[in-house]
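Here the structure comes first, spelled out in structure tokens, and everything after it is commentary.
The values are calculated or read from the model by the stated rules, or taken from the named source; none is laboratory data. Keep in mind it's a predicted model, so treat the numbers as computed, not measured. Methodologically, a virtual Cβ is constructed for each residue, glycine included, from the backbone with ideal geometry; neighbour enumeration extends over all protein chains shown.
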Amino acid sequence: MFIGHYALGLAAKRLAPRTSLGTLFVAPTLADLLWPVFLLLGWERVSPSGVTNPFLTLTFDAYPVSHSLLALIGWSALYALLYRARTGYGRGAIVVGLLVVSHWLLDFVTHVPDMPLYPGGPKVGLGLWHSVPGTVIIEGLMFAAGVAIYAATTRPRDGVGRIGLGVLVLVLAAAYFGSLFSPPPPSPALAIGAIVFGWLFVVGAWWGDRHREAGAVVGNPGAPPRG
């Protein structure tokens, strides 16, 4: 799952309009932001599978700290507590906490049985990735719905706000479809690329969201303050 995680971040803006889209992008992709760091540290492992299916070119040998259900529940609580302490926004804290755990649920649907329930525990997965068309269709529909919800929840403050969402959508879509036709790089380059692009998407979302505001109707006096 790739753009499906970002789809949930976009849609979550309706539930937490005061939360930056950058924060809402970090939450559902936190596991994937931590994973390449842990790869470089040698805490987790991945290897080429030799399979031609673009979603199954890697074998995730071990990623219990970043991707196990128990670990993500812990990361969820930590992220929510830090966000609440920094902003005082209770609803936003609940939303970002749920988004962190949502990563495991979406990966459980798409991955082959390699998603650990807890470090050292059994691994599960429904294997949607075996169907490339099915995966692309489901993620594409999720992403389209997320973009539509975000666009209906916010309005542009200026010219950047008008074009920024379109640019973000195009970049994410291009990265997704590009990944379908390019083999994964060797492990160190894979980890570095994942860090760079993961945070690039977050920063882009944060920057673009600063040029938009909650409330799709111009002049809406009830739009909540940003925080």
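One line per residue, one yes/no per condition, for (1) surrounded by fewer than 16 Cβ atoms within 10 Å (Cβ to Cβ); (2) over 16 Å from Thr57 (Cβ atoms); (3) within 17 Å of the chain's Cα centre (by Cα); (4) not aliphatic (A, V, I, L, M):
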residue: Ala144; (1), (2), (3), (4): yes, yes, yes, no
residue: Val169; (1), (2), (3), (4): no, yes, yes, no
residue: Tyr176; (1), (2), (3), (4): no, no, yes, yes
residue: Val203; (1), (2), (3), (4): yes, yes, yes, no
Checking Leu33 against (1) at pLDDT 95 or above; (2) over 19 Å from Tyr176 (Cα atoms); (3) not basic (Lys, Arg): exactly one of these is not met. Which one? (2)
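Return the only residue of Ala80, Ala85 being part of a helix (DSSP H, G or I), of a type in the set (Gly, Ala, Ser) and surrounded by fewer than 16 Cβ atoms within 10 Å (Cβ to Cβ).
Ala85
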Failed item in (1) in contact with a Lys or Arg (Cβ under 7 Å, 6 or more places away or on another chain); (2) at pLDDT below 95, with Ser47 passing the rest: (1)
Contact list, first residue from segment 14-27 and in contact (Cβ under 8 Å) with a residue 60 or more places away in the chain, second anywhere and outside any helix (DSSP H, G or I), beta-carbon distance below 6 Å, six or more apart or interchain, is Pro17/Ala214; Pro17/Pro224; Arg18/Tyr89; Arg18/Pro224; Arg18/Arg226; Arg18/Gly227
Just need a number here: residues in segment 1-49 that are among the hydrophobic types (A, V, I, L, M, F, W, C) and under 18 Å from Phe143 (Cβ atoms). 14
Can you tell me which of Thr29, Thr19 is more than 30 Å from Pro133 (Cα to Cα) and either touching a His at 6+ places or on another chain (Cβ under 7 Å) or not in a helix (DSSP H, G or I) (or both)? Thr19
Does Ala93 satisfy the criteria of being of a type outside the set (Phe, Trp, Tyr), in a helix (DSSP H, G or I) and crowded, with 23+ Cβ neighbours inside 10 Å? no
When Arg155 is evaluated against the numbered criteria (1) part of a helix (DSSP H, G or I); (2) more than 25 Å from Tyr63 (Cα to Cα), which criterion, by number, is the only one it fails? (1)
Of these, Gly74, Gly9, which one is surrounded by fewer than 20 Cβ atoms within 10 Å (Cβ to Cβ), modelled with pLDDT of 95 or more and part of a helix (DSSP H, G or I)? Gly74
Give the residues of segment 121-130 that are more than 21 Å from Ala11 (Cβ to Cβ) and either in contact (Cβ under 8 Å) with a residue 12 or more places away in the chain or part of a loop (DSSP other than H, G, I, E, B) (or both), sorted by residue number. Gly121, Pro122, Val124, Gly125, Leu126, Gly127, Trp129, His130
Starting from segment 131-143, take each residue that is hydrophobic (A, V, I, L, M, F, W, C) and list its partners that are surrounded by 14 or more Cβ atoms within 10 Å (Cβ to Cβ) and part of a helix (DSSP H, G or I), counting only C-beta distances under 6 angstrom and pairs at least six apart or across chains. Met142/Gly4; Met142/Ala7; Phe143/Ile3; Phe143/Ala7
Just wondering, is there one or more residues in segment 61-68 that are over 19 Å from the mean Cα position of the chain (by Cα) and farther than 23 Å from Ala214 by Cβ? yes
